[in-house]
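Written below as structure tokens is the structure these notes are about.
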Amino acid sequence: MPKRPNPQVSSRKQPKQARANSLVAAVLDAAVQVLRKEGAARFTTARVAERAGVSVGSLYQYFPNKAAILFRLQSDEWRRTSELLHSILKDQGQPPMERLRTLVHAFLRSECEEAEVRTALGDAAPLYRDAPEADAARSTGSLVIRDFLEESLPGVDARAVTLVAELIEATLTQVGSSFSEIERTDEEIAAYADAMAEMFCAYLVSLTRQAGNGGDNPASPASRTGR
């Protein structure tokens, strides 16, 4: 079978004036509203333009198709996730395991708060997931996790670090998506996050011990307190 051409998901042009920025912001806000109300299956540029109060022609100045709008929403979500990862995992004022625990709690809460839109974007993923821009946008968060693990697991084989990075990222993504499918209380989110964080920490401790770095155990009391 011939390979399908990659969709065009890049914006036609970047807004430079305040009025253009306002138009793009209105389109993106309307797109979220349409996704929440209609879902990915009924998402169209016409519905977005109508909700935004702009003409379809004005919308097309910046977004060539509905895939471009959806990809912008998804890439913005990936960017926010990467910023969350960076702000927590790069904070060397906190011991590594505390950073990891903080991340799990923040990530799981974010998944629950944005579950409706995330689910709709997931349903729409076939429209943009094969575009080269998608690979570039997804990769940033993965690099932050790997950098954190290289810092936290000195002496651990590089292949093991790659494996644990992939496992943590996949678990956060898949479990977070599944867990947030139904509405959760604050207590449920905290309990689930605690359990998942402990699982990750136990895995990192086992890798550290296997590497013979018992004295630098990242989950030791001294490491938790930063002493």
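The values are calculated or read from the model by the stated rules, or taken from the named source; none is laboratory data. Just so you know, these numbers come straight off a predicted model, no measurement behind them. When we count neighbours, we look across all protein chains shown, and the Cβ atoms used for this are built from the backbone with ideal geometry, even at glycine.
Brief remarks follow.
- Matching residues in region 136-170 - criterion: being of a type in the set (Ser, Thr, Tyr) and farther than 17 Å from Met97 by Cα: Ser139, Thr140, Ser142, Thr162
Condition check ((1) surrounded by 19 or more Cβ atoms within 10 Å (Cβ to Cβ); (2) touching a Leu at 6+ places or on another chain (Cβ under 7 Å)) across all residues:
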| position | (1), (2) |
| --- | --- |
| Asp147 | no, no |
| Pro154 | no, no |
| Ala160 | no, yes |
| Thr173 | no, no |
| Ser180 | yes, no |
| Glu183 | no, no |
| Met199 | no, no |
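- Flag for Phe148 being within 20 Å of Gln94 (Cα to Cα) and modelled with pLDDT of 90 or more: yes
- So Gly57, is it more than 25 Å from Glu114 (Cβ to Cβ), in contact with a helix residue (DSSP H, G or I) (Cβ under 9 Å, 6 or more places away or on another chain) and modelled with pLDDT of 85 or more: yes
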